[in-house]
Amino acid sequence: MTAHTPFISVVIPVLNEAECIAQLHEEIVSVCEKEGYTYEIIIVDDGSTDGTGDIVKKLAPVVYIRLRRNFGQTAALDCGIKKARGKLIVTMDGDQQNDPADIPMLIRHLEENDLDVVSGWRKHRKDPLMKRLSSRAANFVRGLMIKDGLNDSGCTLKVYRAECFNGISLYGEMHRFIPAVLKIKGYRIGECVVNHRPRLTGYTKYGWKRGLKGLIDMVSVWFWHKYAVRPLHLLGGLGVAFVLAGMAVAAVGIAFYLAEITLFRFFLPILSAFLLISGIQFFLFGLIADMMSKNYFETTPDQPYSVREVVELKKTAIEDSVS
């Protein structure tokens, strides 16, 4: 590593954290200096209106990025990660609930276990009861759908190898599911219990709207995990199932008609037509999604796989003379 290439980049998205951002910056600097890291601190201001930016501009060292308006935590993280130059990228919240003292532990765990991502686990959370209950419910649903192996994917305190984000852009509320997206691509994920501190200043930015958006994005990640390169398998399979069901209902209707049974005389033909038309539509949607998926991977830097290493072995001079 050269003096111009930081070992770690600490990325912090903030929104109206004027009361605590200076102290958090001081804590991060203290930890990095104590550990002897070459580092940079990137603070992304996601449309603050309380003077957070004025305070950050007086800090050093810091890279301050101000977004034109409030775009959300995921967008702010994406912006900071794209600006980061470090070998490792550390992400954390700006409300002081994540403890910078845990950063060295996460880095050691990543290096000692040859991992690509280490996520913090707020095992003993210092949040209000309703927030803890909603988080547990979200983690339960996420575990059923995504199975990323984490107990607390929503913890922002994480350490990533910089190459994890090659060709990846974040959107919506995807910051909660970054480890899941990376695991899909074959990266190795780990987790460590971290200290979680109570919020002493400001107010939480989480609410039911963010929870709903997160649920929708969770479905998107599930679909991407299961069917990103083969959407026809899902939609086409549903189409075939609906068509077969429609044919079965039609057969029952014909049998009833021949037997002069008037029960469901009008309902069965309508149901059969509905199932047949829906099945054809599902199959056509699957074909369109399949073509769009192929077009996506052909026209973007993203790939459905990731390469860990390439080893090229050459013959020695003695082997060449023998052969």
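Please list, in order along region 42-58, the HN-Hα scalar couplings obtained from phi with the Karplus expression 6.51 cos²θ - 1.76 cosθ + 1.60 (θ = phi - 60°), rounded to whole Hz, x for Gly and Pro.
Computed from phi, the couplings for region 42-58 are 10, 10, 9, 8, 8, x, 5, 10, 10, x, 4, x, 4, 6, 4, 5, 8 Hz.
Beyond a 24 Å Cα-Cα separation, which of these cross-linked pairs lie in this structure: Lys123/Lys158; Lys126/Lys183; Lys83/Lys185; Lys34/Lys87; Lys82/Lys158; Lys183/Lys294?
On the way: Lys123/Lys158 15 Å; Lys126/Lys183 28 Å; Lys83/Lys185 22 Å; Lys34/Lys87 19 Å; Lys82/Lys158 16 Å; Lys183/Lys294 21 Å.
Cα-Cα > 24 Å for Lys126/Lys183; rest within.
Quick check on the exposure proxy: order Tyr171, Tyr160 from fewest to most C-beta atoms within 10 angstrom. Write out the running numbers ahead of the final one.
Details: Tyr171 13, Tyr160 26.
Ascending number of Cβ neighbours within 10 Å: Tyr171, Tyr160.
Tell me, what HN-Hα J-couplings in whole Hz come from the Karplus equation 6.51 cos²θ - 1.76 cosθ + 1.60 at θ = phi - 60° for each residue of region 62-79, using x for Gly and Pro?
Using θ = phi - 60°, the values come out as 6, 10, 9, 10, 10, 7, 5, 7, 6, 9, x, 5, 5, 4, 5, 5, 4, 4 Hz.
Sort Ile168, Ile280, Ile8 so that the residue with the fewest other Cβ atoms within 10 Å of its own Cβ comes first and the one with the most comes last. Write out the running numbers ahead of the final one.
Values: Ile168 17, Ile280 14, Ile8 24.
The fewest-first ordering by Cβ neighbours comes to Ile280, Ile168, Ile8.
So who's got an amide H within less than 5 Å of the one on Thr38, skipping anything under 5 residues away but keeping other chains? H placed 1.01 Å off N, in plane.
Residues meeting the criterion, in which the H sits 1.01 Å from N, are Phe7, Ile8.
Let me check against my output: what whole-number percent is the relative contact order of region 143-200, with C-alpha pairs under 8 Å and at least 6 apart?
Working: 21 pairs, mean separation 24.2, N = 58.
Relative contact order, region 143-200: 42 percent.
Under the rule of at least 5 residues apart or a separate chain, name every residue whose amide H is placed under 5 Å from the amide H of Trp121.
For Trp121, the qualifying residues are Cys192, Val193, Val194.
Let me make sure I get this right: for region 41-99, a, b and c are the square roots of the gyration tensor eigenvalues over alpha carbons, sorted descending. Under 1.5 in a/c it's rounded, otherwise prolate if a/b > b/c, else oblate. Which is it? Before the final figure, lay out the partial values.
On the way: a/c = 1.40, a/b = 1.22, b/c = 1.15.
In terms of gyration-tensor shape, rounded.
Please list, in order along region 147-163, the HN-Hα scalar couplings obtained from phi with the Karplus expression 6.51 cos²θ - 1.76 cosθ + 1.60 (θ = phi - 60°), rounded to whole Hz, x for Gly and Pro.
Working through the residues one at a time gives 6, 8, x, 9, 8, 8, 5, x, 5, 6, 5, 8, 10, 10, 6, 4, 5 Hz.
Taking the beta-carbon count within 10 Å as an exposure proxy, list Glu17, Glu26 from fewest neighbours to most.
Details: Glu17 26, Glu26 12.
Taking fewest neighbouring Cβ atoms as first place, the list is Glu26, Glu17.
Using Cα pairs closer than 8 Å and at least 6 residues apart in sequence, work out the relative contact order for region 231-299, in percent.
Details: 75 pairs, mean separation 35.9, N = 69.
Once divided by the residue count of region 231-299, the mean separation gives 52 percent.
Taken together, the values in this text are just the output of simple stated rules run on the coordinates, not laboratory data. As the structure is a prediction and not an experimental result, all values here were calculated from the model. Neighbour counts are summed over all protein chains in view; Cβ atoms, including those assigned to glycine, are modelled from backbone coordinates with ideal geometry.
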